[in-house]
Each structure stands twice: as C-alpha cells, then as structure tokens.
Amino acid sequence: MLYIVLKDLLVTGSLFYSINWIISKWVSKGKLAPLILFILFAYIWWISWTYCVWVLIEDFVPPSDERVSKYMHFWIDGGYFGLFALQKHPIFILDFLLLVSVPLAPKMVKVIVEDKNKMAVLERDKLELERDNLAMEVAFLKSQISPHFLFNTLNTIYQMSETNNPKTSESIVRLSHMIRYLLYQTNDDKVLISREVKFLQDYLTLAKLRFGPGTKVYLNFENTDEPYKIVPLILIPFVENAIKHGPERSRHDSWIKMSLKLDENILRFNISNGVNRISKRPGFGGIGIQNVKRRLDLRYGVDYSLQVKEEEDSYSVCLEIKL
C-alpha cells in the first residue's frame, strides 16, 4: 500500500505545481478549453500511474486480502486499454475526486483568487490611465484650437477695426467667450450641451468673418436647452475638419451645413461641407477623425454611432450619442 500512497503523492504533487501556470495563463484569459483538456490529462495521468503501480506490486498483494486483491484486479484486468472501459469510470472518477481533486482544490481556489485580484488591480490601473489620457487629449485639443484659430481671428478683428467695422466689438466679445470656455469650463468631465453649442456657434461665426460672405454657413440647433451633458470639445474636431477641407481649402462655392438636435436623450449631430477637388489639399495637422473616434470609444463605448461619407464634391459626418 506504500506504493499506492507514493503514487498519489507523485501525481498530486506534479499537478499541484502545474496549477500556478495553468490557471494564470488560461483561466485569467478566459481560455476554458485548455483548462478542460488539462483536467482530462490529469485524470489520464492519474489512472495511468495507478495502473503501473498495481502491475508492479501485483505479486506482493496477498490473495488472502480479498478487498485489496479485488480492487487491484478491477484495475489491471483487461490490460492498460481496459482502463478506458466505460463501466470502470464511475469508480475511477470517484477515486480521482477524492485522492487528487480534493487536495488540489484549496490551491486552485488560492491561485484563482490571487489572479482575480491582480486582474482587478490591472483594470483599475487601466481605467486611471484612460482618464489621464482623456485629460491629456482635452489639453491637446485646446492647444490645437488656440494658436492657429486665435492668430487668424485676431488678424481678422484687427482688419475690421482698421475699417471701423461695426461688428468689431461683437467679434471681440465672442472671442472672449470662447477663451473663457476653453480655459475654465472644459476642465469638467462633462458640460451642458448648450455651452458646447454656444462655443460652436461662436467658432463658426468668427470663422465666417475670415472667409467673407462668399462662404455660406447654415446652422440649425433644436432643443439644445435641455439639461443634458456632453464630453467637452468632442464635436469641435468635426467643425475644424469641415473648415479645413471646405472654405480653407478653396473659397470657390464653399459652404458648411451644421445641425444639432436633441431627441429625448439622443444627440444627433450632422455637419457637411463642400469640397473643391481641383484645389490643393490642406496639410496635415489638427485632430484626425480616427483620434476622435478613439475618444468616443473611450467615453461612450457602444452608446454612439458615427458615419462618415465622402463624395466627389462634399464631405459629411453624422454622429449620434446616447447621453
């Protein structure tokens, strides 16, 4: 019987030290199929060793010990492949659970709990990193909007003041509102949609001053006074893109259409612009659509849809967000 005990210790010990690697590599990654195969391997490993030990000690088992002799013949009768007879497995499985699974269970539970704790810490660190990245992206958006836009707008206002244009003071007020919004209100996680809309209106109004009356800008906002909130500066890249590939690329027959509507808790934002393919393409810079999409993924997950349509003479974006 000493051989049987040593056999069980060998099998249990070899599986015991395999669990650390198996659980962390497979279970934590949701790979249950390899785990099931491992359990099947452990079962075959155990019955194979048990068979070999019974064959080795067959001559040392006294016939007078009927209980042990009967159990031994239950294992070795039929040879090794006889082990896989279906009628034997109910007994084998019970012994396997008692002699191997029970000693391994505490170790398995310990490894699983430790692994889950590690995954929780990693998930927490990932969320913190995402929040930091989002904060950096908002700061990057501000830095992209401010220099280029401010330079052109100030230059336009200066030219207006030289000709005593009556809209000069109004333009300065709009610009101050935009700067105040960028500096003090976009630091929040979310802002009222009405504030974001006001920023977009001021942005396009000042941009229109620079491009002149030849550029047609159509704006339509509905139900924007509702108390819903949105991630700050999430829409401005689409407006910048429309200006960059529209009137900034060519003033000839240039136009921009933008609409924003709140339908209960669904925000529907559409913007399109004319494109003159003959004119020179604008240089790289600003915030790409893919970067905006990544930001939408991080903040809204599956609660948004984005459609971009590019035609021969126009470019359009349709964005819906569940608030």
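Bear in mind that the values in this text are calculations on the coordinates, not laboratory data. If you're wondering where the values come from, they're calculated on a predicted model, not measured in any experiment. All Cβ positions, glycine included, derive from the backbone under ideal geometry; neighbour counts span all protein chains shown.
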Excluding same-chain residues fewer than 8 positions from Lys244, which aspartates and glutamates have a Cα within less than 15 Å of its Cα? Asp253, Glu310, Asp313
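How would Phe74, Phe92, Phe81 line up from fewest to most surrounding beta-carbon atoms within 10 angstrom?
Phe81, Phe74, Phe92
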Between their Cα atoms, which of Lys208/Lys322; Lys116/Lys229; Lys261/Lys309; Lys216/Lys261; Lys208/Lys309; Lys116/Lys190 are more than 27 Å away from each other? Lys208/Lys322; Lys116/Lys229; Lys116/Lys190
What does the C-alpha gyration tensor say about the overall shape of segment 166-322? Classify as rounded when a/c is under 1.5, otherwise prolate if a/b is larger than b/c, or oblate. oblate
Could you line up Arg67, Arg249, Arg268 from fewest to most neighbouring Cβ atoms inside 10 Å? Arg67, Arg268, Arg249
Report for segment 166-322 the percent antiparallel among DSSP-assigned beta bridges with both residues inside it, nearest 5. 80 percent
